[in-house]
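Engineer: Once you've had a glance at the structure underneath, I'll fire off some questions.
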Amino acid sequence: MGKIIEIRDLKRFFLVGGETVQALKGINFSIEQGEFVTIMGKSGSGKSTLLNILGCLDVQSEGDYFLDGVDVRCMSKDERAVLRNKKIGFVFQSYNLLAKTTSIENVELPLMYNSSYNKIQRRQMAIKALEMVGLQNRLYHKSNQMSGGQQQRVAIARALVNNPVIILADEATGNLDTKTSFEILALFQELHSKGSTIVFVTHNPEIADYSTRNIVLQDGIVIEDSYNKNRKII
Amino acid sequence: MGNLISIALKALGNNKMRCFLTMLGIIIGVSSVIVMLAIGQGSKESIKEQVSEMGSNMIMIHPGNMKRGGVAQDASSMQSLKLKDYENLKEECEYISAISPVVNSSGQLIYGANNHPCSVNGCNEDYLEIRKYKINSGEMFTQEDIRTAAKVCVVGKTVVDKLFTDGEDPLGRTIRFGSIPLTIVGVLESKGYNSMGQDQDDCVIAPYTTIQKRVLAITHLQSIFASAISEELTDKATEEMTKILRRNHRIETDDTDLDDFEIRSQEELATMMSSMSDIMTILLSCVAGISLIVGGIGIMNIMYVSVTERTKEIGLRMSVGARGKDILLQFLVESIIISVAGGILGIVFGIAVSSFLAIFSTWRISISVFSIIISFLVCSIVGIFFGWYPAKKASRLNPIEAIRYE
Ligand SMILES: Nc1ncnc2c1ncn2[C@@H]1O[C@H](COP(=O)(O)OP(=O)(O)O)[C@@H](O)[C@H]1O
Ligand SMILES: [Mg+2]
């Protein structure tokens with residue numbers, strides 16, 4: 001099993017009106033292939049900041065980050081974009097689907113920025129990803145014609161479509177009711193069982209019971225990092 | 001690249017109305033450029049054509065001097081052309097093939113119960129050659145007629161139609177011009193309308209002596225018309241004539257400002273008129289060009305709004321791997337599509353309007369391929385130029401900030 005993520009003494013500062021806000025104050029951990037990690041913590045503890053760095057959307061102020069063995073720190077903006085395109089699947093709290101656009105086109109989006117796939121391949125990969133999230137009957141529905149849960153499934157399919165080394169989800173169930181939340185969670189568990197490596201950020205302690213490992217953040221540092229012995233399966 | 005175009009087309013398709021309104025600016029700009037150039041080009045061509053209709057080697061001599069400003073010109077300077085000038089020119093000039101004195105009088109032509117307002121040109125028999133008229137029936141008046149100031153005339157087809165409404169043969173009939181009876185000895189071959197819309201058949205010519213003595217009671221000439229042997233020799237002929245007239249009028253300088261006559265070749269006149277029409281064309285095209293720029297600013301405005309409005313979308317695209325340059329190109333392609341599509345519609349519309357004008361107005365219209373190519377190129381450049389800044393702005397967005405943007 002290879003290390004997918006390795007971070008050492010990761011720090012992130014923000015300059016706000018002349019003052020420095022320390023969002024991350026030195027984080028260390030590695031994530032192996034096949035893990036399902038939940039990152040927990042109160043609002044403002046730095047979860048999103050951490051996940052954005054892991055997702056190569058943001059860059060740390062100090063420390064090292066290796067993604068799939070590659071040092072991300074010394075990469076250019078464009079190189080990071082390519083890395084996101086090929087290795088990362090990101091799921092947001094607010095779905096972020098393109099408006100007036102069908103599921104399948106939304107899912108194809110990451111592949112549009114990868115010249116190694118042609119139109120037919122894109123279609124096939126998108127259909128496969130939508131099948132994996134159980135939306136094979138909603139291929140041509142537009143985003144506004146679907147429920148929140150379905151929209152989030154499309155977003156997950158979009159995160160899956162490029163066969164990423166890791167799927168990062170930031171409060172992916174935050175906008176959904178309890179029942180739908182658990183359906184989405186079950187989907188993540190299923191993806192995990194099929195071999196995906198997942199990092200799932202949440203402030204809901206219940207969800208942590210369903211992962212294999214739980215990291216708790218508080219004020220920008222890790223206060224707990226434990227493996228789940230009594231993992232619940234939905 | 002194919003991906004980019006389909007991405008851009010899709011984004012535009014989501015906002016059809018706005019897209020069309022933005023295009024409208026370009027459509028109006030391009031079509032007005034095309035129409036203006038078509039009108040300009042058309043008027044230039046009609047001037048050229050008119051010159052060749054009238055004879056491109058025609059030379060006209062008028063009394064007086066326009067260059068002196070015309071403020072303090074006394075009556076004598078307007079009577080500076082004498083019969084002697086004409087006689088000397090006719091004898092001495094080597095470069096002219098025909099020459100005629102011209103005196104003019106306007107009035108009412110009367111035959112029976114019909115009358116028709118017309119101007120009668122007094123001239124000699126060379127006038128036909130100079131003005132490229134031909135006799136259709138009957139014959140031209142003779143030198144004998146000129147010598148005796150005979151009361152004869154040759155008329156154009158329009159005059160015949162107006163005066164002889166019941167289809168009588170006009171030859172040999174006597175019409176009245178004011179109080180003078182004139183017998184028709186010939187009818188001119190019809191030349192139709194010239195390119196300026198003037199009826200060339202609405203004319204009467206008579207011996208100049210008749211008009212001078214019997215109608216106007218003058219001894220001077222109003223003008224002298226001549227034909228150079230060929231178009232190329234017009235300049236030589238003009239020079240020669242100037243020399244002779246200066247000698248006759250005892251003008252000792254070479255300063256054209258002091259001449260009491262003015263020689264104009266048809267050539268010169270054409271150049272002057274076409275340069276005037278060039279200036280007009282340039283002015284009109286500038287106005288049209290400005291509207292194209294305004295259209296371009298419209299594109300810029302819309303692209304700018306659209307970048308702000310679609311910040312979240314841009315953030316999302318970046319988060320799934322779009323690079324800055326992918327976003328830049330997407331927005332650039334969008335604005336180029338708007339401007340080029342607008343350009344094509346504008347060209348179609350411009351051609352339609354020009355053709356409409358050609359059919360329903362008296363203006364001469366000439367659509368040039370050049371103007372189409374130019375406006376198409378300008379459109380594409382406008383698209384790139386005005387799309388660049390908003391596109392650049394979009395490409396520089398920070399993915400996290402963009403995706404969080406509400
Ligand atoms: N772009 C930013 N500029 C300034 N401060 C920020 C920025 N992003 C996050 N922070 C600060 O960093 C801390 C952690 O934020 P965040 O990672 O969003 O917390 P969480 O996702 O755990 O709720 C907060 O105090 C927040 O104010
Ligand atoms: Mg957060």
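Engineer: How much accessible area does B:Met280 have with a 1.4 Å probe, in Å² rounded to the nearest 10?
Structural biologist: Accessible area, nearest 10 Å²: 100 Å².
Engineer: Give the whole-number value, in cubic angstrom per residue, of the convex hull volume spanned by the C-alpha atoms of region A:1-62. Don't jump to the answer; show the numbers that get you there.
Structural biologist: Details: hull volume 5.4 nm³, N = 62.
In region A:1-62, the Cα convex hull volume per residue is 87 Å³.
Engineer: Which whole-Hz couplings ³J(HN,Hα) result when phi for each residue of region B:261-276 is put into the Karplus expression 6.51 cos²θ - 1.76 cosθ + 1.60, θ = phi - 60°, listed in order with x for Gly and Pro?
Structural biologist: Result, rounded to whole Hz: 8, 9, 10, 10, 8, 4, 3, 4, 4, 5, 4, 5, 5, 6, 6, 5.
Engineer: As a test of reading the structure, rank B:Asp161, A:Asp58 by solvent-accessible area (1.4 Å probe, protein chains only), most first.
Structural biologist: B:Asp161, A:Asp58
Engineer: To continue, here is another question. Indicate, rounded to the nearest 5 percent, the antiparallel portion of the DSSP beta bridges found entirely in chain A. Show your work: numbers first, answer last.
Structural biologist: Details: 25 of 41 bridges.
Close to 60 percent.
Engineer: For B:Lys162, which lysines qualify as cross-link partners when the Cα separation must be under 28 Å and same-chain residues fewer than eight apart are set aside?
Structural biologist: B:Lys132, B:Lys134, B:Lys151, B:Lys191, B:Lys213
Engineer: Next question. Convert each backbone phi in region A:84-89 into a coupling constant with the Karplus relation 6.51 cos²θ - 1.76 cosθ + 1.60 (shift: θ = phi - 60°), then list the ³J(HN,Hα) values in order as whole Hz, x for Gly and Pro.
Structural biologist: 4, 5, 9, 10, 10, x
Engineer: Ordering A:Arg73, B:Arg250 by accessible area with a probe of 1.4 Å, largest first, what comes out? Don't jump to the answer; show the numbers that get you there.
Structural biologist: Details: A:Arg73 105, B:Arg250 195 Å².
From most accessible down to least: B:Arg250, A:Arg73.
Engineer: Which loop trypsin sites (Lys or Arg not before Pro) in region B:299-384, with loop taken from DSSP, have no more than 12 other Cβ atoms within 10 angstrom of their Cβ?
Structural biologist: Details: sites: B:Arg310, B:Lys312, B:Arg317, B:Arg323, B:Lys325, B:Arg364; in loops: B:Arg310, B:Arg323, B:Arg364.
Nothing satisfies the criteria.
Engineer: Compare the Cα positions of A:Thr202, A:Ala159, A:Ala172 along the charge dipole of region A:138-234 (+1 at Cβ of Lys, Arg; -1 at Cβ of Asp, Glu; about the Cα centre) and return the one farthest towards the positive end.
Structural biologist: With unit charges placed on the Cβ atoms, the residue in question is A:Ala159.
Engineer: Name the shape class, rounded, prolate or oblate, that the alpha-carbon gyration tensor gives for the protein assembly as shown, where a ≥ b ≥ c are the square roots of its eigenvalues, rounded holds for a/c under 1.5, and otherwise prolate holds if a/b is larger than b/c and oblate otherwise.
Structural biologist: Working: a/c = 5.61, a/b = 3.72, b/c = 1.51.
Here the protein assembly as shown falls in the prolate category.
Engineer: Answer rounded, prolate or oblate for region B:176-294, using the Cα gyration tensor with square roots of eigenvalues a ≥ b ≥ c: rounded when a/c is under 1.5, else prolate when a/b is larger than b/c, else oblate.
Structural biologist: Details: a/c = 2.46, a/b = 1.34, b/c = 1.84.
Because a/c hits 1.5 or more and a/b fails to exceed b/c, region B:176-294 counts as oblate.
Engineer: What ³J(HN,Hα) values, in whole Hz, does the Karplus curve 6.51 cos²θ - 1.76 cosθ + 1.60 give for region A:56-70 when θ = phi - 60°, with x put for Gly and Pro?
Structural biologist: Here the 3J(HN,Hα) series is 6, 8, 9, 10, 5, 7, 9, x, 10, 9, 10, 10, 6, x, 9 Hz.
Engineer: Hey, can you grab everything whose amide H is under 5 Å from the amide H of B:Ile229? Only 5+ residues off in sequence or another chain; H modelled, so Pro and N-termini drop out.
Structural biologist: Excluding prolines and chain starts, which carry no amide H, the hits are B:Ile96, B:Ser97.
Engineer: Compute the relative contact order of chain A as a whole-number percentage, counting only Cα pairs closer than 8 Å that sit 6 or more residues apart in sequence.
Structural biologist: Numbers: 472 pairs, mean separation 64.4, N = 234.
Computed value for chain A: 28 percent relative contact order.
Engineer: How many angstrom separate the Cα center of region A:97-153 from the Cα center of region A:1-24?
Structural biologist: If we compute the Cα centre of each part, the gap is 33 Å.
Engineer: Rounded, prolate or oblate, given the Cα gyration tensor of region B:97-230, with a/c below 1.5 counting as rounded?
Structural biologist: Since a/c reaches 1.5 but b/c is at least a/b, the shape of region B:97-230 is classed as oblate.
Engineer: Still on this model: Select from region B:321-358 all residues whose loss of accessible area on going from the chain by itself to the full protein assembly reaches 20 Å² or more (probe 1.4 Å).
Structural biologist: With the partner chains in place, region B:321-358 has these residues losing at least 20 Å²: B:Gly321, B:Ala322, B:Arg323, B:Asp326.
Engineer: Take every DSSP beta bridge whose two residues both sit in the protein assembly as shown, then give the antiparallel share in percent to the nearest 5.
Structural biologist: Numbers: 61 of 85 bridges.
About 70 percent, rounded to the nearest 5.
Engineer: So what is the 222 nm mean residue ellipticity for the protein assembly as shown from helices alone, if each DSSP H run of at least 4 adds -39500 (n - 2.57) and you divide by all residues, rounding to the nearest 500 deg cm²/dmol? Numbers along the way, then the final one.
Structural biologist: Values: 19 runs with 292 residues, N = 640.
For the protein assembly as shown, the value works out to -15000 deg cm²/dmol.
Engineer: May I pose another question? P(r) for region A:187-234: what percent of alpha-carbon pairs falls in each 5 Å bin, starting at zero?
Structural biologist: 5, 19, 28, 28, 12, 6, 2
The values are calculated or read from the model by the stated rules, or taken from the named source; none is laboratory data. Only a predicted model underlies this, so the values are computations on that prediction, with no experimental measurement involved. Every residue, glycine among them, receives a Cβ derived from its backbone with ideal geometry; neighbour counts consider all protein chains shown. For accessibility, only protein heavy atoms count, side chains too; no ligands or nucleic acids. Shrake-Rupley method; radii C 1.70, N 1.55, O 1.52, S 1.80 Å.
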